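As structure tokens, the structure follows; a few thoughts come after it.
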Amino acid sequence: MVDPKPGHWYSQQAWLDSFKTIAETVGSLTLTAIGRRIPENANFPPGVDGIEKALRAIDVAYHMNHRIAGKSLFNPRTREITEGIGHYTYHETDLKAGRMVCDNPYPCEFDFGIIEAMALRFKPSDCLFVKVSHDDASPCRKKGHDSCTYHVRW
């Protein structure tokens with residue numbers, strides 16, 4: 001992909017190919033940095049006012065910002081999500097902890113950046129830290145699986 005323009009739609013495969021090239025030539029940490037910038041530049045649903053809502057909103061935003069055959073994958077009126085590109089699924093695991101399962105085609109490091117950015121942006125005011133970690137014991141896209149799992153603590 002050469003010189004992408006704001007407001008234009010591009011093939012998801014073109015983005016995935018670009019991410020692969022970036023990881024191979026510059027390094028995978030650059031994908032984390034790109035992921036961290038997504039919440040600043042993508043459309044997100046209104047009403048996000050806490051860390052758990054923020055982590056759940058990633059899936060809605062993902063569908064809001066993707067199309068199949070020119071059709072948006074999120075209907076804001078009905079809040080219906082159209083299937084076809086995978087999900088970002090948040091599960092509460094403790095009072096201040098959760099698990100994010102990402103079954104989408106994006107690289108691990110990219111998703112890590114998105115999750116970390118959203119968690120930091122919406123962490124509670126009395127929270128000193130947010131820790132996001134990749135669950136190496138769970139299936140991983142780098143190992144040929146369809147998903148990656150991340151733990152989030154605050």
| said: Criterion first (assigned to a loop (DSSP other than H, G, I, E, B) and of a type in the set (Val, Ile, Thr)) does Val60 satisfy it? | reply: no
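Give the residue that is farthest from Thr32 (Cα to Cα), with candidates limited to residues of segment 134-154 that are part of a strand (DSSP E or B) and in contact with a Lys or Arg (Cβ under 8 Å, 6 or more places away or on another chain). Walk me through it before giving the result.
Of the residues in segment 134-154, the ones part of a strand (DSSP E or B) are 134, 148-153.
Filter again for in contact with a Lys or Arg (Cβ under 8 Å, 6 or more places away or on another chain), leaving 148-153.
Numbers: Cys148: 14, Thr149: 15, Tyr150: 14, His151: 16, Val152: 16, Arg153: 18 Å.
It comes out as Arg153.
Tell me, which residue of segment 91-113 that is over 11 Å from the mean Cα position of the chain (by Cα) and not in a loop (DSSP other than H, G, I, E, B) is farthest from Leu31 (Cα to Cα)? First the steps, then the outcome.
Step one: of segment 91-113, the residues over 11 Å from the mean Cα position of the chain (by Cα) are 91-99.
The next check asks that each one be not in a loop (DSSP other than H, G, I, E, B); those that pass are 91-94, 97-99.
Values: His91: 24, Glu92: 26, Thr93: 27, Asp94: 29, Ala97: 24, Gly98: 23, Arg99: 21 Å.
Looking at the filtered set, the residue picked out is Asp94.
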| remark: Restricting attention to segment 20-45, the residues that are touching a residue at least 60 places away in the same chain (Cβ under 8 Å) and in contact with a Ser or Thr (Cβ under 9 Å, 6 or more places away or on another chain) number exactly 1
| Residue satisfying all of: in segment 19-43; polar (S, T, N, Q) and surrounded by 16 or more Cβ atoms within 10 Å (Cβ to Cβ); nearest to Ala61 (Cα to Cα) among these | Thr32
| query | Just a yes or no: is a residue in segment 49-56 touching a strand residue (DSSP E or B) at 6+ places or on another chain (Cβ under 6 Å), assigned to a helix (DSSP H, G or I) and not small (Gly, Ala, Ser)? | reply | yes
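Bear in mind that the values in this text are calculations on the coordinates, not laboratory data. Bear in mind the structure is a predicted one, so any value in this text is a computation, not a measurement. Positions of Cβ are generated from backbone atoms using ideal geometry, with glycine treated the same way; all protein chains shown enter the neighbour counts.
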